[in-house]
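Asker: Before we start, here is the structure in question, set down as structure tokens.
The values are calculated or read from the model by the stated rules, or taken from the named source; none is laboratory data. A quick note: this is a predicted structure, and the numbers were derived from the prediction, not measured. No Cβ is skipped: glycine too gets one built from the backbone with ideal geometry, and neighbour counts run over all protein chains shown. Keep in mind that these areas ignore ligands, DNA and RNA; they rest on the heavy atoms of the full protein, side chains included. Shrake-Rupley method; radii C 1.70, N 1.55, O 1.52, S 1.80 Å.
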Amino acid sequence: MFVRIATLFLTAALTTQPIAAFAQSETGLAERRAISAYQKDKWPAIEKDIQTAAGFPVPIELDIKSLALPGYADSYSSDDYILKPIVKPLIKALGVVAADDLGRQALKEKLKGIRITFDEATAPSSNYSSGLTFDNGLLVVNWKPFSNADEFDPRVEALTKALESKL
């Protein structure tokens, strides 16, 4: 009896998790083309702006597979998609932290990388600090693109606190 119940739980776990992961990543050719164009045409300059704000060439991973939401291909190049809700607050927060020699040095010593991603199951809709982790030198920003693009200050505050608390 116990083996059968355990098997049922294991089967349920194995069949439901991939479905949830697959639901977010169901992108068509239009989405893949649009996010690829964004990564090729716009991202290099944006990445440089982030690194300039940090004061050094911090490695940055743009998780394009998770950020390419199905049905939004026409919006990827819009400033409201990734730039305003994610990148600009990140640039501002890095600038706040790196405003003096102490902050620049702390960033350079402890910030080993930045990962910009979106996980539908865990990304917050407005409690931005819950979408951030800064562990082992990696800052992970898990916020939904194209969402609440004008909520700049709360995002900057959340990022600044996440960074400063671990520096």
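Asker: Tell me the residue from 82, 50 that is open to solvent by less than 10 Å² (accessible area, probe 1.4 Å) and either over 15 Å from the mean Cα position of the chain (by Cα) or farther than 17 Å from residue 162 by Cα (or both), please.
Answerer: Among 82, 50, only 82 is open to solvent by less than 10 Å² (accessible area, probe 1.4 Å) and either over 15 Å from the mean Cα position of the chain (by Cα) or farther than 17 Å from residue 162 by Cα (or both).
Asker: Specify the residue that is farthest from residue 69 (Cα to Cα); the eligible residues are those in the stretch 144-167 that are part of a helix (DSSP H, G or I) and small (Gly, Ala, Ser).
Answerer: 165
Asker: Within the stretch 120-143, which residues are in a loop (DSSP other than H, G, I, E, B), within 17 Å of residue 82 (Cα to Cα) and free of Cβ contacts under 8 Å to residues at least 60 places away in the same chain?
Answerer: 123, 124, 125, 126, 143
Asker: When the residues of the stretch 33-47 are filtered to those that are assigned to a helix (DSSP H, G or I) and of a type in the set (D, E, K, R), which remaining residue is surrounded by the most Cβ atoms within 10 Å (Cβ to Cβ)?
Answerer: My answer is 47.
Asker: State which residue is nearest to residue 44 (Cα to Cα) when the search covers only the stretch 87-141 and only residues that are open to solvent by less than 70 Å² (accessible area, probe 1.4 Å) and more than 17 Å from the chain's Cα centre (by Cα).
Answerer: Among residues in the stretch 87-141 that are open to solvent by less than 70 Å² (accessible area, probe 1.4 Å) and more than 17 Å from the chain's Cα centre (by Cα), the one nearest to residue 44 (Cα to Cα) is 95.
Asker: Restricting attention to the stretch 142-159, does a residue exist that is open to solvent by less than 20 Å² (accessible area, probe 1.4 Å) and of a type in the set (D, E, K, R)?
Answerer: The answer is yes, given that some residue of the stretch 142-159 is open to solvent by less than 20 Å² (accessible area, probe 1.4 Å) and of a type in the set (D, E, K, R).
Asker: Further question: If you take the residues of the stretch 53-79 that are among the hydroxyl-bearing types (Ser, Thr, Tyr), free of Cβ contacts under 8 Å to residues at least 60 places away in the same chain and in a loop (DSSP other than H, G, I, E, B), which of them is least open to solvent (accessible area, probe 1.4 Å)? Steps first, answer last, please.
Answerer: Pass one, the stretch 53-79, residues among the hydroxyl-bearing types (Ser, Thr, Tyr): 66, 72, 75-78.
From what's left, free of Cβ contacts under 8 Å to residues at least 60 places away in the same chain: 66, 76-77.
Right, trim to in a loop (DSSP other than H, G, I, E, B) and you get 76-77.
Details: 76: 2, 77: 68 Å².
Across the stretch 53-79, the extreme among qualifying residues is 76.
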